[in-house]
Amino acid sequence: MKDIIFLEPVFKEMIWGGNRLKTDFGYDIPSDNTGECWAVSAHANGDCTIRSGKFKGEKLSGLWKDHRELFGGADGDTFPLLVKIIDAKTDLSIQVHPNDEYASQHEKGSLGKTECWYVLDCEAGGKIVIGHNAKDKEELKTMIADHRWNELIRVLPVKKGDFFQIEPGTVHAIKGGTVILETQQNSDITYRLYDYDRLSGGKPRELHIDKSIDVIRCPHADKGTDRQEIKLEHAVVEKLITCQYYSVKKLSVDGKQVFKQSEPFTILSVIEGEGSIDGEKIVKGDHFILPAGYGDYCLEGSIQLIASHI
Ligand code: ZN
């Protein structure tokens, strides 16, 4: 049998971050302003280390480069996905991402960014920013120039268990009191549209108004998701999204259930509970990859996971 590839997360301190990556997930975080756990990442800004087994101590980027057979020989210079857990103690800036075409022209050949959010937890009465209220680019430019942010920005209620697909060109922001699991294209290109006029170290953070206006889709159209539940004997599989970059599902296991790994590779993140995979203990906060050809796997316990693949 092939080894499961367990990963050590990389943590990012952020002005808006908190301590829930420690209190809720048990991670050893650098400070009480830790905003992001890069849980499955081969990005140069946070490359995960393999925790155990034959490849212990190696980086995920190195496995992608030198052992492509683990990933079913999938194409690409870089590992295609990035999975994060985000703890927003306060509001994140309002931002937008380019698509692949715009990023390749304006960001030195980088990929664009499509991302999706599974809401792990959120305070009562929580809110989230998705979309805007300008009817066309002209109105968008005018509202930005006139600082009519409250009119422009579209704020929605959010609750635990919600799921959102954020296409390139979608204005979005996580607001304070929310913890999410994000699955995204492997890209770090973000254009900041508005930062609530906050100061960081006495100065406002840089905004990218022109690039934001270039890429924001007008008018905003909600990208619906197609959530669908499949009941198995001891588990429920909920399909959350399939798009050109990834498929994401939620697995809720109660007892002992066998699944099949028939994808180039499967990323799994434990978001609740504890149990085992093929007899190996797994707990909330563990992230691992089942390599190509892994075959059947058995999850046992009372445990919830987010699974993704290309
Ligand atoms: Zn984003």
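Read-outs throughout are calculated quantities, based only on the coordinates presented, and are distinct from any laboratory measurement. None of these values were measured; they are calculated from a predicted model. Glycine also receives a Cβ, built like all others from the backbone with ideal geometry; neighbour counts cover every protein chain displayed.
A compact table of results
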| item | result |
| --- | --- |
| Helix-only CD estimate at 222 nm, as mean residue ellipticity for the chain, using -39500 (n - 2.57) per DSSP H run (n ≥ 4) | -3000 deg cm²/dmol |
| Cα Rg, Dmax (largest Cα-Cα span) when computed across the range 259-310, Å | 10.3, 27 |
| Amide H partners (placed H, <5 Å) of GLY176, local residues excluded | ASP91, LEU92 |
| Globularity index of the range 153-206, i.e. its alpha-carbon radius of gyration over 2.2 N^0.38 Å | 1.33 |
| Cα extents of the range 81-157 along the three principal axes, largest first (Å) | 40, 36, 18 |
| In sequence order, calculated HN-Hα J values of the range 72-84 (Karplus, 6.51, -1.76, 1.60; Hz; x Gly/Pro) | x, x, 4, 7, x, 6, 10, 3, x, 10, 9, 10, 10 |
| Out-of-range pairs (alpha-carbon distance over 23 Å; input LYS2/LYS260; LYS137/LYS175; LYS22/LYS203; LYS137/LYS203; LYS56/LYS84) | LYS137/LYS175; LYS22/LYS203; LYS137/LYS203 |
| For ASP286, distant residues with modelled amide H under 5 Å away | VAL270 |
| 5 Å-binned pair-distance histogram of the range 154-262 (Cα, whole percent) | 2, 8, 15, 18, 19, 14, 8, 7, 5, 4, 1, 0 |
| Percent of alpha-carbon pairs separated by more than 16 Å within the range 43-96 | 55 percent |
| Rh (Kirkwood; distinct C-alpha pairs) - the range 1-96, Å | 14.5 Å |
| Dipole moment magnitude, nearest 20 debye, the range 1-115 about Cα centre, only Lys, Arg, Asp, Glu C-beta charged | 320 debye |
| The range 147-255: chymotrypsin sites (Phe, Trp or Tyr not before Pro) falling in loop per DSSP and having at most 15 other Cβ within 10 Å | TYR196 |
| Rg [Å, one decimal], Dmax [Å, integer] - the range 13-172, C-alpha atoms | 18.6, 58 |
| Hydrodynamic radius (Kirkwood) for the range 8-53, which is based on Cα pairs only, to one decimal in Å | 10.9 Å |
| From phi via Karplus (6.51, -1.76, 1.60), per-residue ³J(HN,Hα) for the range 222-235 in Hz, x at Gly/Pro | 5, 8, x, 10, 10, 5, 8, 9, 10, 8, 10, 4, 10, 7 |
| Compactness index (Cα Rg / 2.2 N^0.38 Å), the chain | 1.00 |
